[in-house]
Amino acid sequence: MIALGFGWYLIGGNSDQPVIATNSVQGESRLADGTRVTLMDGARIETRFSDGERRVILHDGRARFEVPQDETSPLLVAAAA
């Protein structure tokens, strides 16, 4: 039940809200621009989209991105070292 609720949260969440994956759950979500994100190892992301830029901030963990091409609005990912 928890996994189903978590999946619903990831799929139905607003792109401006943080998306979180716990250490035991790998989460997949689609962002407002169509980017598919798979979060692993407790990853958490925040998105900040504007007309000329798509910015994603990765906090902790790992993430895999499948990004639709948009030459007018590049996707920038900032991650802690």
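Each reported figure results from applying straightforward, stated rules to the coordinates on display, with no laboratory input. Here the structure is a predicted model, which means the values were calculated and not measured. Neighbour counts run over all protein chains shown; Cβ positions are idealised from the backbone, glycine included.
In nm, what is the difference between 0.36 nm times the number of residues separating residue 80 and residue 38 and their Cα-Cα distance?
Length difference between fully extended and current span is 13.4 nm.
Once both labels are modelled 7 Å past Cα along the beta-carbon direction, what's the residue 30-residue 72 spacing in nm?
Distance between label points: 2.2 nm.
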